[in-house]
1. Working only within the stretch 21-30, note down all residues that are in contact with a strand residue (DSSP E or B) (Cβ under 8 Å, 6 or more places away or on another chain) and either among the β-branched types (Val, Ile, Thr) or in a loop (DSSP other than H, G, I, E, B) (or both).
2. Which ones in the stretch 31-61 are touching a strand residue (DSSP E or B) at 6+ places or on another chain (Cβ under 7 Å), over 20 Å from ASN9 (Cα atoms) and basic (Lys, Arg)?
3. What's the number of the only condition in (1) free of Cβ contacts under 8 Å to residues at least 12 places away in the same chain; (2) surrounded by 16 or more Cβ atoms within 10 Å (Cβ to Cβ); (3) not polar (S, T, N, Q) that GLY25 fails to meet?
4. Return the residue satisfying two criteria in turn: it lies in the stretch 53-80 and is surrounded by fewer than 15 Cβ atoms within 10 Å (Cβ to Cβ) and of a type in the set (Phe, Trp, Tyr), and of such residues it is nearest to the chain's Cα centre (by Cα).
5. Any idea which residue in the stretch 62-91 is farthest from CYS8 (Cα to Cα), counting only those that are β-branched (Val, Ile, Thr) and part of a loop (DSSP other than H, G, I, E, B)?
6. Being within 15 Å of ASP72 (Cβ to Cβ), in contact with a Lys or Arg (Cβ under 7 Å, 6 or more places away or on another chain), assigned to a strand (DSSP E or B) and not hydroxyl-bearing (Ser, Thr, Tyr) is the filter here; which residues of the stretch 31-61 pass it?
7. Looking at the stretch 3-20, is at least one residue without any contact (Cβ under 8 Å) to a residue 40 or more places away in the chain, surrounded by 11 or more Cβ atoms within 10 Å (Cβ to Cβ) and assigned to a loop (DSSP other than H, G, I, E, B)?
Amino acid sequence: MSNWIKVCNEEELGREEIKEFIWEGKVYIICRSNDGEYYGLDGLCTHEKVKLCEGMIFDNELECPKHFGSFDIKTGEALTAPVYKNLNTYPVKVESGYICLGL
């Protein structure tokens, strides 16, 4: 069963933007796709633990800001080198105007 945590107001996250969220010492991100959907992922790159909130989203691909490896924001799948390990994904919902992450 997920524990739903309010991350931010829906208006704070535009299309193809990333919001970092730290809960109990772990870094998470919420990404908003170009079509307006929200996705929850681990917030550190699986290659060198760089903060992914500083990366960029293009066509549902999240690019790490350090070595430019990329992940699918919908599935967490590692898409391009040097990343090879997938990100964990988490459910996201919008409730009363707030984006909530299921942990």
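Throughout, read-outs are computed from the coordinates displayed, never taken from laboratory work. Everything numeric in this text was worked out from a predicted model, so none of it was measured. When we count neighbours, we look across all protein chains shown, and the Cβ atoms used for this are built from the backbone with ideal geometry, even at glycine.
1. ILE22, VAL27, ILE29, ILE30
2. LYS51
3. Checking GLY25 against (1) free of Cβ contacts under 8 Å to residues at least 12 places away in the same chain; (2) surrounded by 16 or more Cβ atoms within 10 Å (Cβ to Cβ); (3) not polar (S, T, N, Q), the one that fails is (2).
4. Going through the qualifying residues, I end up with PHE58.
5. First pass over the stretch 62-91, keeping only residues β-branched (Val, Ile, Thr): 73, 75, 80, 83, 89.
Those still in the list that are part of a loop (DSSP other than H, G, I, E, B) too: 73, 75, 83.
Values: ILE73: 18, THR75: 22, VAL83: 28 Å.
Ranking the candidates gives VAL83 first.
6. Of everything in the stretch 31-61, just one residue is within 15 Å of ASP72 (Cβ to Cβ), in contact with a Lys or Arg (Cβ under 7 Å, 6 or more places away or on another chain), assigned to a strand (DSSP E or B) and not hydroxyl-bearing (Ser, Thr, Tyr), namely ARG32.
7. Checked against the condition, which is being without any contact (Cβ under 8 Å) to a residue 40 or more places away in the chain, surrounded by 11 or more Cβ atoms within 10 Å (Cβ to Cβ) and assigned to a loop (DSSP other than H, G, I, E, B), the stretch 3-20 yields at least one hit.
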